[in-house]
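Here the structure is laid out as structure tokens; the discussion comes afterwards.
Values in this text are rule-based calculations from the coordinates and carry no lab data. For clarity, every value in this text was computed on a predicted model and none was experimentally measured. Note that we place each Cβ from the backbone using ideal geometry, even for glycine, and neighbour counts take in every protein chain shown.
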Amino acid sequence: MITPPIRERIQQILDSLNTNLIERRETMNLTFLSAMAGESTFLLGPPGVAKSLIARRLKFAFKGARSFEYLMHRFSTPDEVFGPISISKLKNEDKLERVVDYYLPGANVAFLDEIWKAGPSIQNTLLTILNEKIYRNGEQEFPVNLLGIIAASNELPAENQGLEALWDRFLVRRYVPSIQDRGNFESMITSVSNVYQDTLAESAKISLDEYTAWQAVRDLVAIPQEILDLIQHIRVKIEVHNKEQAEKTPPGPEIYVSDRRWKKIIKVLRTSAFLNGRQKIDLMDCFLIPSMIWDSPEQTDLMTMMVRESIRHQGYTLVVNSGEVQQAIEKLSLEIESETQYVKLKQTNLPAKYYFKTHPDEKYYEVARAGKYCLMSAKIFDTLKVGTQAGVRFHSRLDDYYTDRYITKVDDLSFTSDGKHYHLKTCVQEESGVFTKKPHDLVIESWDEYIDTFKQEIQKDLAAVEDYFEAELKHIQDNLFVDKSNLSTIFTKIDELKVQLRQLELRCNELYAKYHTLGDDQFVKSIPVDIDKVKSDEGQPVDVTNLKEYDEIDDGEDELP
């Protein structure tokens, strides 16, 4: 059983470790978390940014902990790291063994600066210690009680130098920049505090026996399915990214996260949950993942974005599944539309358009009972507003002559000129229109039952979201190892989920009102037709250069003057 005092104690430890440590809290906390998980940390950054200070501070968290520090260089020997050869053993027993006390194999916390300058013999021994937590000393093997190795450098491991295996063993990776904030920088350079002083009470320190016991309890921390789904989602994003990089010319750098690394990531997430006083991993713990999967500092923003997007996309799929309700509502909407609407033909009078062979792009309207000058520009007439007077040019349908007259538009099919009312020649457009039909009462009752079921499901989902927030999310504001700025990703998703559910409820109300107020033969909409393709009375668009006198044109008593 995990009890709250553990969390309070860890909070006390972290506060002490971060005393007078400026802009390094997240790095210090992650280094401590890595050690509590039994993993190693790599700190990348320029000289003089407190990388070694973080390692020295770490040992203060453990009661009676022994530390080892060493600055690597290209001439470093195994004796300087793992201890010198025991002369007495070699002389008296003819055994080649090292004196490991006060060296790395006998330490609880180790700091190795400029790690990549180590020679192959040191690297190989380090790999064995990191992999198996054992040290081979002559003929015997013994377990090392290293809680964590902190390595540091101002550069990444060089490519093609055989350093990939060692690099992969450093699970937590942090870039440590110079102090960024001006006020913090001035506070640091003017402070006279002893940053190497141990301020943690002895009673709060973690004994090695406690550390061992906590490892067993840590492994009992549950991993919810949503966390496993989230990790799978991140893996898919990485695969997609790598495929895109491979297709570039030249190919871009890919991201590689080994299976071993994913397994260790789970151990760190479990450790975070345990130290926060929880019995299962939550989504806030997953914001730690970016610090464990990058290969270069340039990838940190990309990794952070991938994890954030995955949490937003995948994090709440097990809380509610609004997609099923949404699909059912839309299916009912289609059924309602199918049962309450039908299509029938609708006839509309439209002005017939004509054209000259010499001006095929210009369309004209013909004015009925207007005599010789009976054709005017369709474009000009269409742009006139009803009640507006304007000068319009009327063309002859027999020759190239024309006349200009003032007209006042009455509607889309007529106008007045000099006190007389004229109409445009029209054609009949047959178009399809959508009309309503009232559903049967039994059908309405059936739909009411569906709507009630949907709304009940929506209310249940809203309650589930609220319960999830109360039970699972309230505590995430106090995660010891994750910055509170990440809360917005989680809370925004919760708010979006609530809005989505309320929109579905509104959709249900809209559908209910729709089919309850429908009557018969209510016009819904027209099915659009291209007016320019509507046939005239003669069956085809007419070339006015070939027009002859129409029988319906009378003797001109209503001719345009």
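General observations
- Counting DSSP beta bridges with both ends in the chain, the antiparallel % (nearest 5): 65
- Here the Karplus relation 6.51 cos²θ - 1.76 cosθ + 1.60, evaluated at θ = phi - 60°, turns the backbone of the range 39-55 into coupling constants of 10, 10, 10, 10, 10, 10, x, x, x, x, 10, 6, 5, 5, 4, 4, 5 Hz, with x for every Gly and Pro.
- Extent along the principal axes, Cα only, for the chain: 141, 59, 48 Å, with the longest axis given first.
- In this label model, E97 and V443 are separated by 9.3 nm, measuring between points 7 Å along each Cα→Cβ vector.
- Degrees separating the helix 487-516 axis from the principal Cα axis of the chain, which is the longest one: 30
- One equal scatterer on each Cα of the range 352-431, no solvent, Debye formula: the resulting log10 I(q)/I(0) at q = 0.20, 0.23 Å⁻¹ is -0.89, -1.17.
- Evaluated at q = 0.11, 0.16, 0.22 Å⁻¹, a Debye calculation over the C-alpha positions of the range 401-484 (equal weights, vacuum) places log10 I(q)/I(0) at -0.68, -0.91, -1.09.
- Considering the range 225-314 at the alpha-carbon level, its Rg and Dmax are found to be 13.8, 49 Å.
- Close amide-amide hydrogen proximity is noted between Q341 and K437, each under 5 Å apart and 5 or more residues distant or on a separate chain (H modeled in the peptide plane; Pro and chain starts excluded).
- Here the translational diffusion coefficient of the range 1-74 follows from Stokes-Einstein with Rh set to the Kirkwood radius across Cα pairs; for 37 °C and 0.692 mPa s it amounts to 241 µm²/s.
- Projection of the Cα convex hull of the range 368-525, averaged over all directions and equal to a quarter of that hull's surface, yields 19.5 nm².
- Per residue, the convex hull spanned by the alpha carbons of the range 41-95 comes to 134 Å³.
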